[in-house]
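To start, the structure under review is shown below, and the notes come after it.
The values are calculated or read from the model by the stated rules, or taken from the named source; none is laboratory data. Just so we're clear, the structure is a prediction, and the values are computed from it rather than from any experiment. Because the Cβ atoms are built from the backbone with ideal geometry, glycine has one as well, and the counts that use them run over all protein chains shown.
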Amino acid sequence: MRLVLFLLFGLLGTLPYLAHAEPNLVTRIVLGGKVEMLLPSSFEPMGEEMLRLKYPSRRAPTEVYTNETGSVNVALNHTKDRLKAEQIPPFHKSLEDIFRRLYPSARWYRSELTQINGRQFVLLGVRTPAIDTEVRNIMIGTSVDDRFLLISFNVVQELEDEWLAIGNKIIQSVKIIQ
């Protein structure tokens, strides 16, 4: 009987760890076939209602993939803003300046140029205020079809410890298909 109780309590003690198992990442082709990246298999395109709530302005991303609660997202925005590949280095400083003005109270972790799968990207890592929490953002930007493409992973602060490494893995998996 003691062995059964020991095993039962031992199993119950592992339940929190089992509940936070890393999600299954799968390769998806997104943005009309322009981007290949890893996404959690449980993520679905964000519904119109949630999209309107999270992005109330007319500048909603082109595509957003999310968990059920909308607390973890991967957003892709292929803007109409012209950007050639050779403009990425000087654009880096401009993009950082924009975010610093938009979010003066943000906490910055990274701002750099980086290579991901053989392509140059601007990479910004920042925690920004939201209505009832703070949001950790990992954003990368590059030129696709001579237009600015911004891809961001964001997670509410309460889930950051669980999701940040996964977010970095997602960002590092991005491949531009051309």
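So the values come out like this:
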| read-out | value |
| --- | --- |
| Candidate set from the range 97-117 (those that are over 19 Å from Asn168 (Cβ atoms) and either surrounded by 13 or more Cβ atoms within 10 Å (Cβ to Cβ) or touching a Phe, Trp or Tyr at 6+ places or on another chain (Cβ under 7 Å) (or both)); member that is modelled with the highest pLDDT | Arg100 |
| Strands (runs of 3 or more DSSP E) lying entirely in the range 96-178 (those with 3 or more residues that are β-branched (Val, Ile, Thr) and under 23 Å from Gly70 (Cβ atoms)) | 134-144, 147-156 |
| All positions within the range 26-58 that are within 17 Å of Phe153 (Cα to Cα) and either in a helix (DSSP H, G or I) or of a type in the set (D, E, K, R) (or both) | Arg28, Glu36, Glu44, Met50, Leu51, Lys54 |
